[in-house]
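Below is one structure; the comments refer to it alone.
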Amino acid sequence: MRSIVFHRNAGSLPSNVRTISRDDRIRTSGPGLRVFQKIADRLGLSVAERIVILGDPSRSTYYRWLMKANHRRPIALSLDTLLRISAKIGIYRALTFLFEDEAQGMLWLKGIHKSPHFAGNSPLRSMLEGGLNGLMSVRRYLDAWCSGNLDSGTHGDIFEPVAERDLIFI
């Protein structure tokens, strides 16, 4: 299997490296931003929080992006912004997989955690204060949890690990 690595500047890169072209960014920016907006609405994120998660563009830039995306006009977000949107989509996907309803997911996202991974903070705070690394860290944590690769007890006192008695086969 040939692995594909995305890189901003092709230059003289190996043949298995694919660049992210402006056309690729135009093709994915509008739909990605529209999905990001719907997720942010569902999670009750403020405009200020949305802007921080997107990499701190000015308010006018943020609203210009939304206008273009919502009117299906071409927009080419930066690779950094697209990675941030991708991370947020992945976080939301994991929350919907792990929790029965959005209220439980929001409790986890906004709640304080004793896990060393969050150092007594909420995952949302890690996302807002940690930049792209904070977003990716929360995403990796949730991906590990979804795949069962977390040690028990890492979720603080709010949640108990799933036990065999909790499984129901139909």
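The values are calculated or read from the model by the stated rules, or taken from the named source; none is laboratory data. Here the structure is a predicted model, which is why all the values come from computation and not from measurement. Ideal geometry is used to build each Cβ from the backbone, glycine not excepted, and the neighbour counts take in all protein chains shown.
Looking only at segment 21-30, which residues are surrounded by fewer than 16 Cβ atoms within 10 Å (Cβ to Cβ) and touching a residue at least 24 places away in the same chain (Cβ under 8 Å)?
Matches in segment 21-30: Arg22, Ile26.
Does any residue of segment 67-75 turn out to be in a loop (DSSP other than H, G, I, E, B), surrounded by 15 or more Cβ atoms within 10 Å (Cβ to Cβ) and modelled with pLDDT of 95 or more?
Yes, segment 67-75 contains a residue that is in a loop (DSSP other than H, G, I, E, B), surrounded by 15 or more Cβ atoms within 10 Å (Cβ to Cβ) and modelled with pLDDT of 95 or more.
Any residue in segment 44-63 that is modelled with pLDDT under 95, in a helix (DSSP H, G or I) and surrounded by fewer than 17 Cβ atoms within 10 Å (Cβ to Cβ)?
no
Of the residues Gly120, Gly90, Gly130, Gly148, which is without any contact (Cβ under 8 Å) to a residue 24 or more places away in the chain and closer than 28 Å to Thr19 by Cβ?
It is Gly130.
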